[in-house]
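Since every read-out is calculated from the coordinates, none of them should be taken as a lab result. Since this is a predicted model, take the numbers as computed values, not measurements. For neighbour counting, all protein chains shown are included, and Cβ atoms are generated from backbone atoms with ideal geometry for every residue, glycine included.
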Amino acid sequence: MLKKYLLTPGPTAVPEQVLLDMAVPMIHHRTPAFAEIFASCREGLKKVFKTEEDVLILLGSGTAAMDAAVSNTVNPGDKVLVINGGKFGERWVKICKAYGADVHTVDVPWGRSVNPADVKDFLGKNPDTKAVFVQGSETSTTVYHPVKELAAVTADMPETLLVVDGITSVGVHDTRMDEWGVDILLTGSQKAFMLPPGLAFIALSKKAWTAAEKSSQSKFYLDLKTERKNQAKNTTAWTAGVSLVIGLKTVLGMMEAEGLENVFKRHALNAEATRAAAKALGMRLLAEDYPSDAATGCFLPEGVDGKAFVKYLRDKCGVALAGGQDKLEGKILRISHLGYHDAFDTITAISAIEMGLRKFGADVKLGSGVSAAQEILMRAMAER
Ligand SMILES: Cc1ncc(COP(=O)(O)O)c(C=O)c1O
């Protein structure tokens, strides 16, 4: 037997109770029973997004919400700015181009966070910019971009939206949509929300809804105005992802019971412990200035084939971690802290990495990473 541990930055492990709740016999989505579940999810999502606006529940992966953010607010020819510091920043560029926007970028070296002054500088010179697109957490480089500071830049610009892909930052890092002035915040189900892939969530500020009202862009399935009208009545425009929504209700209840601030703390603690372990094992961190609490990226020792390393951990140890993408392929490891993840998931990841390092010939003292992590993780036990 090989027991399996899913420790990738999405999809993430689904709690047993959520799996059980989703296994109930199917119900129809146009029924009072479903409407009641849906209403409860809408309320719960507002708390996680820290907004009074509607949080729409879409059927699709996170990219569906990214697509909707662009197609509902950006018209062909509109000038937009993308913070491009990784694979998902590149995705914003591709989506915006697909919808005919005039795309400009602030290029951020992989592993670095954007400097809000660079965004301010661009917007000062280009006040006609329709929207700024950013990742809260750029999962490919395990970097956090300073959302609050970016929102402070766009908040005073009546026609410029700040659009945040929070796919690995909502439910991980405190993100105060209304208080900070984020205009569009979106995420997906398979990360901090502890669900299978398949749902995406998106909220628009009043400023963003005004842009959506004026939209001339072509769209159909992901027309957010149509969704908003339906979801206000606790139904969806098209067939809802019934089982996932049932699971979402359980997940939101779990988050509420833990306390949202404790959810953030748990992610931060596991991230801190993993960073300490990586350093103790002599592995350089990828995120140079502002590491994300969703996942930790670290460089493998010179000469270790990262692809073979990830395969060894998955196939021989049962521990699934992620490698690097694109120019980081084969060079780094990415260890998730997302969602249904606690201290002993972190310990499992680190001890497997130690064994992998030994197997691949690195000079590593077994247990040195684990003990560095334990010193930090014991703080969680003390607080229980
Ligand atoms: C920051 C970020 N944006 C976008 C995506 C794409 O989301 P999906 O694969 O759910 O479409 C991901 C997925 O890992 C992500 O981490």
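Results, tabulated for the structure shown:
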read-out: Distant-in-sequence amide H partners of Val82 (H built 1.01 Å from N, under 5 Å); value: His104, Thr105, Val106, Phe133
read-out: In the stretch 3-109, trypsin sites (Lys or Arg not before Pro) in a DSSP loop with at most 15 other beta-carbon atoms within 10 Å; value: Lys3, Lys4, Arg30
read-out: Karplus-derived 3J(HN,Hα), 6.51/-1.76/1.60, for each residue of the stretch 130-135, Hz, glycine and proline x; value: 6, 7, 10, 10, 8, 9
read-out: At 0.890 mPa s and 25 °C, Stokes D of the stretch 1-126 from Kirkwood alpha-carbon radius, µm² per second; value: 133 µm²/s
read-out: Relative exposure of Trp238, Trp92, judged by other C-beta atoms within 10 Å (fewest first); value: Trp238, Trp92
read-out: For Gly188, residues with placed amide H under 5 Å, excluding near neighbours; value: Phe201
read-out: The stretch 130-279 pair-distance distribution - Cα-Cα, 5 Å bins, rounded %; value: 2, 8, 15, 19, 19, 17, 12, 5, 2, 1, 0
read-out: Neighbour-count ranking [beta-carbon atoms within 10 angstrom, fewest first] of Leu195, Leu185, Leu366, Leu222; value: Leu366, Leu222, Leu195, Leu185
read-out: Value of D in µm² per second that Stokes-Einstein yields for the chain, Kirkwood Rh from Cα pairs, at 20 °C (1.002 mPa s); value: 100 µm²/s
read-out: Descending Cα extents along the principal axes, the stretch 239-352, whole Å; value: 48, 31, 26
read-out: Net +/- balance of residues flanking Trp180 in space, Cβ distance below 12 Å, scoring K and R +1, D and E -1; value: -2
read-out: Percent RCO, i.e. relative contact order, over the chain, from Cα pairs under 8 Å lying at least 6 residues apart; value: 22 percent
read-out: The stretch 260-314-the stretch 129-153 distance, computed between alpha-carbon centres (Å); value: 21 Å
read-out: Dimensionless Rg ratio for the stretch 218-259, taking C-alpha atoms and the 2.2 N^0.38 Å reference; value: 1.47
read-out: Low-density loop cleavage sites - GluC sites (Glu not before Pro) in the stretch 27-82, where at most 16 other Cβ are within 10 Å (DSSP); value: Glu52
read-out: Relative contact order computed over the stretch 132-236 (Cα-Cα under 8 Å; 6+ residues apart), in percent; value: 19 percent
